[in-house]
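K.L.:
Mind having a look at this structure? Questions to follow.
The values are calculated or read from the model by the stated rules, or taken from the named source; none is laboratory data. If you're wondering where the values come from, they're calculated on a predicted model, not measured in any experiment. Reconstructed Cβ throughout: ideal geometry from the backbone, glycine too, with neighbour counts over all protein chains shown. Accessible surface areas use protein heavy atoms only, side chains included; no ligands, DNA or RNA. Shrake-Rupley method; radii C 1.70, N 1.55, O 1.52, S 1.80 Å.
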Amino acid sequence: MATLSMGSSYCIPSESMQCKAGQNVYSIANNVEASRIKGSCVSFASLTCYQRNTLQNLRSDAIRSGRKRGQQVIVAASPPTEDTVIATEPLTKKDLVAYLASGCKPKENWRIGTEHEKFGFESETLRPMKYEQISELLYGISERFDWDKIMEGDYIIGLKQGKQSISLEPGGQFELSGAPLETLHQTCAEVNSHLYQVKAVAEEMGIGFLGIGFQPKWGIKDIPIMPKGRYDIMRNYMPKVGTLGLDMMFRTCTVQVNLDFSSEADMVRKFRAGLALQPIATALFANSPFTEGKPNGYLSMRSQIWTDTDNNRAGMLPFVFDDSFGFEQYVDYALDVPMYFVYRKKKYIDCAGLSFRDFLAGKLSPIPGEFPNLNDWENHLTTIFPEVRLKRYLEMRGADGGPWRRLCALPAFWVGILYDEVSLQKVLDMIADWTMEEREMLRNKVPITGLKTPFRDGLLRHVAQDVMQLAKDGLERRGYKETGFLNEVAEVARTGVTPAEKLLELYNGKWGKSVDPVFQELLY
């Protein structure tokens, strides 16, 4: 196993923020977004946790006071951080590294953030929801359950309530980005509350929601396109860099969990464990065996699609296992991932294929002489799609969307492993001699053969059983009585039969080779 480089750490010190008196550092264009600060005297990343939280609380207080005065709150176009702050000096690579490092948190402040996507469909016809229906649904949830609307021009494209948000993927997939929560009980309660609210409005409209990893019935031409500028740029660029990018955009759904780290060394350990075990998560949650009404030859078509979407921004990131890996090395990687867009004056500027390194130097051809701010960097990081992604937290991205019990099981799996020191170390010991070729083999074979994938002297199922035990042990040591959330996938590991294989059995038997019953089987 590659050892950690224990050189200079980029985690942020807790010194107080200081600026020269009277120095004009910022031009704040929107006081509600004043938490997005970067200037010549101190970078945003070098704020202490307390200072960042104070600024975020000021923003929350401003929004709450708006409610008290009876004002309607409309959140600006996505991404809502555009044009909020103008720095007096250009960003440097050091600032970009410090931005990632600012995610370091003491263990008592670690949280769990769960995101999940689902397909909306007309209950009578099983056809995908049109944007007009999605718009009506978003307005209905907003009015009935007090969510703020997120607009792009005249179009409603999402909702926000506290630290939760609802957004639309390119083909109208409905996504909840959950709040950072302390326990899995809170996470599952959040999921249940969200599904209740969505169903309360959707059922009146004759709309249902399907928990699966890939659209089982309709072709790309049948999927509506959401009115979001960034998706137009991606839709035009995707066919230039892979054959399956449009499938990824319009026909996939995932569930992922976002988790914290305490230091650069802790980030590296969790990143390595997450990448090595991601194929096991993909197998346990494999749930996308149908394409356009028929079996597609895969257990996780969603996972397979990422192998030929855009390999400049996806994959298993072998450099994470290098001795020198840390925040700076991830920044170097991200700087070389081609850009999609820059957001200025409420418009997306097409920069597809261009370099963020050139942007740092003021040499981005669509906007020459203009330099990026931290919002641009934050947006760029969201356009990178490896199996594990680093922002100011780590995102586990390898699982198919599924029914609600599995939405609670995925965070349970990863929290049990990554938030418990004993289980994490045992995983790192387990994967210490796995080679890059073995990790890539698992990544490529698991979408087809799931837990039956041969690995060394046995099957991946045998490794998955050991990993599930480590996850369970880790949850028990947390002391929150959370192990029950693993039940939904414990049986998958025990038997080696993935959810996708159960669907295929139903398709070939009771369903009479029709995929239509899946809309009822996996209905939320």
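K.L.:
Magnitude of the Cβ-charge dipole of the range 189-272, K/R +1 and D/E -1, about the Cα centre, nearest 20 debye?
P.N.:
400 debye
K.L.:
Just the accessible area for residue 516, please: 1.4 Å probe, Å², rounded to the nearest 10?
P.N.:
Per-residue accessible area (residue 516): approximately 60 Å².
K.L.:
Could you derive backbone 3J(HN,Hα) for the range 194-204 from the dihedral phi with the Karplus parameters 6.51, -1.76 and 1.60 (θ = phi - 60°), listing whole Hz in sequence and x where the residue is Gly or Pro?
P.N.:
Per residue, the Karplus-derived 3J(HN,Hα) values read 4, 5, 4, 5, 4, 5, 4, 8, 5, 5, 5 Hz.
K.L.:
Report the charge-dipole magnitude of the range 144-245 in Debye, nearest 20, computed about the Cα centre from +1 at each Lys and Arg Cβ and -1 at each Asp and Glu Cβ.
P.N.:
Value, rounded to 20: 360 debye.
K.L.:
Right, here's the next one. Starting from the residue with the highest accessible area, list 221, 347, 199 in decreasing order, probe 1.4 Å.
P.N.:
So, going from the largest accessible area down, we get 221, 347, 199.
K.L.:
Filter the GluC sites (Glu not before Pro) in the range 278-384 down to the DSSP loop ones having no more than 14 other Cβ atoms within 10 Å, then list what survives.
P.N.:
Passing sites in the range 278-384 are 292.
K.L.:
Further question: Determine, from the Cβ-Cβ distance of residue 469 and residue 74 and an R0 of 51 Å, the FRET efficiency 1/(1 + (r/R0)^6), rounded to the nearest 0.05.
P.N.:
0.55
K.L.:
Another question, then. Would you grab the residues whose amide H sits under 5 Å from the one on residue 152? Only those 5+ places off in sequence or on another chain, please, with H modelled 1.01 Å from N.
P.N.:
Answer set, sorted by chain and number: 157.
K.L.:
If you don't mind, another one. As an exercise, use a Förster radius of 30 Å and the Cβ-Cβ distance of residue 487 and residue 422 to find the FRET efficiency, rounded to the nearest 0.05.
P.N.:
Efficiency, rounded to the nearest 0.05: 0.85.
K.L.:
If you keep only loop residues by DSSP, which chymotrypsin sites (Phe, Trp or Tyr not before Pro) in the range 388-425 have at most 10 other Cβ atoms within 10 Å of their Cβ?
P.N.:
When the chymotrypsin sites (Phe, Trp or Tyr not before Pro) of the range 388-425 are filtered for loop state and at most 10 Cβ neighbours within 10 Å, nothing remains.
K.L.:
Here's something else I'd like to know. Please compute the per residue accessible area over the range 168-225 with all protein chains in place, 1.4 Å probe, rounded to a whole number of Å².
P.N.:
So the range 168-225 comes to 32 Å² accessible per residue, rounded to a whole number.
K.L.:
Just grab the label-to-label distance for residue 480 and residue 220, each label 7 Å out from Cα along the Cβ direction, in nm (one decimal).
P.N.:
4.0 nm
K.L.:
Turning to a different aspect of this structure: Could you list which residues have their amide H under 5 Å from that of residue 341, counting only those 5 or more apart in sequence or on another chain, with H placed in the peptide plane?
P.N.:
351
K.L.:
Which shape class applies to the range 476-520: rounded if a/c is under 1.5, otherwise prolate when a/b exceeds b/c and oblate if not, where a ≥ b ≥ c are the square roots of the Cα gyration tensor eigenvalues?
P.N.:
prolate
K.L.:
State whether the range 283-364 is rounded, prolate or oblate according to the following rule on the C-alpha gyration tensor (a ≥ b ≥ c being the square roots of its eigenvalues): a/c under 1.5 gives rounded; otherwise a/b larger than b/c gives prolate, and the remaining case gives oblate.
P.N.:
In terms of gyration-tensor shape, oblate.
K.L.:
Once the Cβ-Cβ distance between residue 193 and residue 441 is put in as r, and R0 is 51 Å, what FRET efficiency do you end up with, to the nearest 0.05?
P.N.:
That pair, residue 193 with residue 441, gives E of 0.80.
K.L.:
Can I ask one more? I need the shape label for the range 395-524. Rule: rounded when a/c is under 1.5, else prolate if a/b > b/c, else oblate, with a, b, c from the alpha carbon gyration tensor.
P.N.:
The shape class here is oblate.
K.L.:
Let me ask another. How much solvent-accessible surface does residue 185 expose, in Å² to the nearest 10, with a 1.4 Å probe and all protein chains in place?
P.N.:
Looks like 80 Å² after rounding.
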